[in-house]
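Everything on this sheet refers to the single structure shown next.
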Amino acid sequence: MNTKFNAPRFKTIEEKQSKARKFNDDRDNDRSNRKTFQKSDRLSAQKAERVVRSQPNDDIYPKEAKKAGREGSVQISVKGRHEKSEKKTGPLSPRAPEKIRNNRATEMKVYGENACYTLFEQRPEAIVRLWATVEGAKKAGALLSYLAEQKKAYHVVDSEEMERVTGTEHHGGICLLVKKSAPFSLEGYLQIPRQRDCLVLLDGVNNAQNVGGVVRTCAFYGVKGVIVESNDILNSSNAARVAEGGLEFVHALETKHKQIALTQLRNAGYQIVHITPQKQAPALAKTTLAAKVVFVLSEVVSNEMEYPEDTNVQLSFANPLNSALNVAVNAGVLLSQWYQHHIV
């Protein structure tokens, strides 16, 4: 029985080369269809992932989503009274109460356009912080630019928030937190001899609006000093608003007591002028005012001549009222008379 055997057949060289070429072609096609990541692509993907993770959810965080600016535009948010941001606070420093007391003693708020802009012109370095409404911010371009350059904070708020910050609706759309101006002592002021000078002494004038009115009048007539027992009488937010910037030109001259001040002024050669309703007192228009004079102003004019050794004057003999003029008006009448005699 003959059995047929298939003898082994070896591939030729041409067949081996053809198979190798086919394998390489298939591998190249697989590589060309495979998705690749370059280094820049990986960085872009990581950045995109961070953006997605940091993007707030509109349903859970509606306010944050609004502020995020989904369309890529920069949005200015106006802080309102009812928008409260969560503050991360730690334990207070042991010196925190001392720092708070120091800030309250050395800082004050100034509001009103004229008061704020005048302070910016005269003492820009004293500004600590600013609040402004949208309309107020539009007018304060130079001021905002200065604060940005100096890296000082400013806030654009709505009217309700501004009323909360200032405590009044008469804020004028702008408010500054500033360092108080340093007072002078009357004793030190009198050590410099002067040939001509005019001062005002406030005797029991504590109403902030009256103080502001007097300071504004003093600045108008070029009076440089107001004698007070405490600098806090002048450094009042309401007084600063009424003064319309006058606080930047009038210095507080502190004294321990009115009687001490009057004695020092007499010794320095000042004529001291008091207002009285007494009919026997001469009229202001007929009174000769010295080149160096001090006008004593009170909210309530006494019916008696307390200081007969000084100059006492009557402002009007035709007054049918049971009251005198407002103290700020009295200041205007007196200062105008001195101004006409010694300046004009």
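All of the numbers you see were taken from the coordinates with simple rules; none came from a lab. None of these values were measured; they are calculated from a predicted model. Cβ coordinates were reconstructed from backbone atoms using ideal geometry, including for glycine residues, and neighbour counts include every protein chain displayed.
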Practice item. Taking every pair of Cα atoms in region 249-343, average 1/r, invert it to obtain the Kirkwood radius, and report Rg/Rh to two decimals. Key: 0.94
Review point. Summing +1 for each Lys or Arg and -1 for each Asp or Glu, what net charge is found among the other residues whose Cβ lies under 10 Å from the Cβ of E229?
Key: -1
Study note, to complete from the structure: The set of residues whose placed amide H lies less than 5 Å from the amide H of I227, leaving out same-chain residues fewer than 5 positions away, is V200, L201, L202, L253
Exercise for review: Quick one: of K180/K258; K258/K286; K152/K179, which pairs are farther than 19 Å apart, Cα to Cα?
Suggested key: K180/K258; K258/K286
Study note, to complete from the structure: The summed charge of the Q280 Cβ neighbourhood (under 14 Å; Lys/Arg +1, Asp/Glu -1) stands at +1
Point to revise | Peptides 252-260, 232-240 ordered by average Cβ neighbours within 10 Å, highest first | key: 232-240, 252-260
Practice item. State the extension gain, in nm to one decimal, for the chain segment bounded by K256 and R129, taking 0.36 nm per residue of separation less the distance between their alpha-carbons. Key: 42.4 nm
